[in-house]
1. Rg(Cα) of the stretch 221-349 divided by 2.2 N^0.38 Å?
2. How big is the gap, in Å, between the Cα center of the stretch 54-124 and the Cα center of the stretch 137-208?
3. Local charge sum around ASN52 (other residues, Cβ-Cβ under 12 Å, Lys/Arg +1, Asp/Glu -1)?
4. For the stretch 1-158, report the % of Cα-Cα distances exceeding 21 Å.
5. Starting from one equal scatterer on each C-alpha and no solvent at all, send me the Debye-based log10 I(q)/I(0) for the stretch 183-254 at q = 0.15, 0.16, 0.19, 0.21 Å⁻¹, two decimals.
6. Give me ASP223, ASP73 ranked fewest to most by other Cβ atoms within 10 Å of their Cβ, as a rough exposure proxy.
7. Listed highest first by mean packing, meaning other Cβ atoms within 10 Å per residue, what order do 153-165, 121-133 come in?
8. By counting other Cβ atoms within 10 Å of each Cβ, how are TRP96, TRP224, TRP150 ranked from fewest to most?
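Derivation of every value follows stated rules applied to the coordinates shown; laboratory data play no part. Since we're looking at a predicted model, the values are computed, not measured. Glycine also receives a Cβ, built like all others from the backbone with ideal geometry; neighbour counts cover every protein chain displayed.
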Amino acid sequence: MKVAIQYAATLVDSDGHVAGHDAGATLVRRLLRVFPGAELIGPGPRHCAGFNMIPLEFVDGDDTVVIAMDVIDSLSTWRTLKANCDEPKIMNFIWWNTSQYTHPVERAALALSCALFPTFANSERTAIEVREIVSSWTISPIAEKAKIAWVNLGIRLEHVRPRHEPAVPVVLYPAIYLSERKQPKLFFDVVERVVKRTPIRVEARLHESHLISEWAMALSRKDWTWVGPLTASREDYWEALARTTAFLATATDESYGLEYIEALVAGAVGVFPDRPWVRAILPASYPFLYRTPTDAEEMLYRAVTETAACRRELDEAAGGNFAQWLRARHDDDQFEKAIADRVTEWFGV
């Protein structure tokens, strides 16, 4: 039994490598590593760096499990595979926020897909949301048979670099998009008030599609900000995190929060909104959770002016060592084992 990975937004560069540092590209590379010999479903057949690309129509459905990252399209994938095999094998992988689908047709399609095909989620919270969607949007005989599992995505701990404290504190915009859900206005308003009280440098590394957005342009006009493209490599990305003092999270909702975990493990002090998605990834007594913009300002000000003291508070909240607490709960080795085990359990791979 083989594995094929399906993610329509995947880009493969001229050297045959999966390009990009966004979560989707990172996860495609991770899955290719977890399943040696796996194929990537793409527009045409191609020999790539360590894997082959193959059109969906060429997939041997009798001998291949398709890990579908575009979950809402799994029904269409099933129909394509069914034309050439008796029983297509599809496993959904939900690695994004389910709230992005708001239209009734989209919600119903998502529910039906997750009810019909085994579904693996990137966190317990996402798995709970999926179960609720399946229960609400499908009939009981289908919902009762749904197979849903989860594990935290985790990060590759070997990528973490030694700390390099900057002369002027660096505050990170901890996302690559400036979409409404990320609340860039709140981030901008808070950091602008903090910079009036103490010198800081704000950095935002954005996906190219958002570099020319209104908020990107507004940020870039400030002499205390740097706004630019994503780092060229994962090594550069982790080097940048190693000199990041703090970050301000403003998103209303997240399915997991991979970028925040990476920054925390790298030693940055994270200031978060007091929301369920935040409490799902942090110690119960995490000290820097705000409910108002004024709270956020004060916490961020402390994070850049009393950084060492803030880090000690993080250790206390984690029962002794915050970095070790994170590593124990967000190691991608756990993810790799869990998803491989589920593929074996569900399909015998």
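1. On the way: Rg = 16.8 Å, N = 129, 2.2 N^0.38 = 13.9 Å.
Its radius of gyration relative to the 2.2 N^0.38 Å reference: 1.21.
2. What the calculation gives is 27 Å, centre to centre.
3. Details: positive: LYS2, ARG46; negative: GLU39.
It works out to a net charge of +1.
4. Working: 5687 of 12403 pairs.
Above the 21 Å cut-off, the stretch 1-158 has 46 percent of its Cα pairs.
5. Relative scattering, expressed as log10 I(q)/I(0), comes to -0.54, -0.62, -0.89, -1.08.
6. Details: ASP223 6, ASP73 14.
Sorted ascending by nearby Cβ count, the order is ASP223, ASP73.
7. On the way: 153-165: 15.2, 121-133: 20.2.
Ranking, from highest mean packing down: 121-133, 153-165.
8. Working: TRP96 19, TRP224 15, TRP150 23.
Listed from fewest to most nearby Cβ atoms, that is TRP224, TRP96, TRP150.
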